[in-house]
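Asks: I have a structure here, written as structure tokens, and I will follow up with some questions on it.
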């Protein structure tokens, strides 16, 4: 692939974003890898200073932290795209990828950098995510696991087909990750896309 690309690796939590992102980042040449979770220590400090319990599913998080995390990671991504061919951002982008206005404005801004957007959507069965969340034992998942049905009702596992665009076959790429066999097959497909000459 000759053109510059901003790649979002996205899905609901515990679908396998980080594992896929890091694996791709080690195989693709000329890439900058950014993970929104790197900002979590700063966000934890905001909770602490505000005297709020650490809950990334809370109204406080949604109002006072969430969008700022995305603003910062995107500022870093645009800084990086000036200097490298591919920038990969690992983050859920839960609201953003289904917001046509956000995507249109992002594509327009990227065009000014001579770049395009590719979204890798990880297709994973919710129960597989549930088990992975249990297995990873992260404090960011405490509320979700304790209120699984309530949490699940707020999560959209459907493929964001609004991202398809007729003039770019790489605008939306799918990575099936409910089994190791599916993941291995789709990883090779993705690798071929981003290694194209």
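Just so you know, all these numbers are worked out from the coordinates, no wet-lab data involved. The shown structure was predicted, so the numbers you read here are calculated from the model rather than taken from an experiment.
Asks: Using only the Cα atoms, work out Rg/Rh for the chain, with Rh taken as the Kirkwood radius, to two decimals.
Replies: Details: Rg = 16.8 Å, Rh = 17.6 Å.
So for the chain, dividing Rg by the Kirkwood Rh gives 0.95.
Asks: A further question follows. Please pull out the direction-averaged projected area of region 22-118, using the convex hull of its alpha-carbon atoms, in nm² to one decimal place. Numbers along the way, then the final one.
Replies: Numbers: hull surface 27.9 nm².
One quarter of the hull surface, i.e. the mean projection, equals 7.0 nm².
Asks: Comparing 29, 48, 144, which has the greatest mean-square fluctuation in the GNM of the chain with Cα pairs linked when under 10 Å apart?
Replies: It is 48.
Asks: Counting just the Cα atoms, what span does region 80-147 cover along each of its three principal axes? Round to the nearest Å and put the largest first.
Replies: Sorted from largest, the Cα extents of region 80-147 read 44, 26, 20 Å.
Asks: Here's something else I'd like to know. Defining a contact as two alpha carbons under 8 Å apart and six or more residues distant in sequence, what relative contact order in percent does the chain show? Kindly include the intermediate steps, with their values, before the conclusion.
Replies: Details: 254 pairs, mean separation 69.1, N = 197.
Once normalised by length, the contact order is 35 percent.
Asks: Something else: Find the centroid of the Cα atoms in region 151-197 and in region 51-65, then give the distance between the two in whole Å.
Replies: Using only Cα atoms to place each centre, the spacing works out to 30 Å.
Asks: Counting DSSP beta bridges with both partners in region 4-195, what percentage is antiparallel, nearest 5?
Replies: Details: 1 of 23 bridges.
Among the beta bridges of region 4-195, antiparallel pairing accounts for roughly 5 percent.
Asks: Given Cα positions, please report Rg to Rh for region 133-197, the hydrodynamic radius being the Kirkwood one.
Replies: On the way: Rg = 16.3 Å, Rh = 14.9 Å.
Computed over Cα atoms, the ratio is 1.10.
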